[in-house]
Amino acid sequence: MPYETDINYDDESADSLIANPTFVNPTSFRLVIDSRKYQNAEFTVQTFSLPDISAQPAPLNLPRRNIGMPADKVEFSPFELTFLVDEQFINYKEIHEWILGMVTEGDKGIRKSRDVSLIIISSHNNAIREIKFVDAYPVSLSSLQFDTTTTTIDYLTASVSFQYSYYKII
């Protein structure tokens, strides 16, 4: 893994017990993609799911049975977000062109991935935690459904899925 964590596996007591816990509000977040290059998509994010992390046991092959040993690899699922599409399609176009640019030939050495940060906001509207996705890049962008038969105005949203190297909680 590209970064080291300080995990204490000793039998001694870890951190102290939280006396009066406050809980995370699922509507108090902000996603920062890259404020210089993708500044329009980040401000219209509607939903975001913190992706799964898993560590499969490493097999120890014995003559009569296999034993699962502590994991030797960590797997991170892609993360997905949904954002409102602006009337000029500027934010949709940013992600669309990012995906197209991933496969463009002749641009060797140009950084195509970006760090993406999920900022968790406290009940007092202060940033209290950051979850950083390192070297993220989009792998899919949803279609947009236009419909003249609808009776209410539901603004268009698009979903985008990102791959990344790893994420860390800062």
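Bear in mind these aren't lab numbers, they're just calculated from the coordinates by the rules spelled out. Nothing here was measured: the structure is a model prediction, and the numbers come from that model. Don't worry about glycine lacking a Cβ; one is built from the backbone with ideal geometry, like all the others, and counts go over all protein chains shown.
Of note:
- Percent RCO, i.e. relative contact order, over region 29-170, from Cα pairs under 8 Å lying at least 6 residues apart: 26 percent
- Packing-based order for 140-148, 62-70, using average beta carbon neighbours within 10 Å, highest first: 140-148, 62-70
- Region 79-154: relative contact order as a whole-number percent, Cα under 8 Å and 6+ apart: 24 percent
- Ranked by how many other beta carbons lie within 10 Å on average, peptides 115-121, 45-51 from highest: 115-121, 45-51
- Potential lengthening between Val134 and Leu17 on full extension [0.36 nm per residue; Cα-Cα distance subtracted]: 39.0 nm
- Charge dipole (region 30-164, unit charges on Cβ, about Cα centre) - positive-most of Ser113, Met69, Val103: Met69
- Backbone amide hydrogens, once placed in the peptide plane, bring Asp115 within less than 5 Å of Asp135, Ala136, excluding anything fewer than 5 places away on its chain.
- Here each label is just a point 7 Å from Cα along the line to Cβ, and for Phe89 and Leu156 those points are 0.7 nm apart.
- Report note on the peptides 19-26, 131-138, 54-61: ranked by the mean count of other C-beta atoms within 10 Å, highest first, their order is 131-138, 54-61, 19-26.
- Ratio Rg/Rh, restricted to region 34-170 and using Cα atoms, in which Rh is the Kirkwood radius: 1.10
- For region 161-168, 3J(HN,Hα) per residue [Karplus equation, 6.51 cos²θ - 1.76 cosθ + 1.60, θ = phi - 60°, Hz, x = Gly/Pro]: 10, 10, 9, 6, 6, 6, 10, 9
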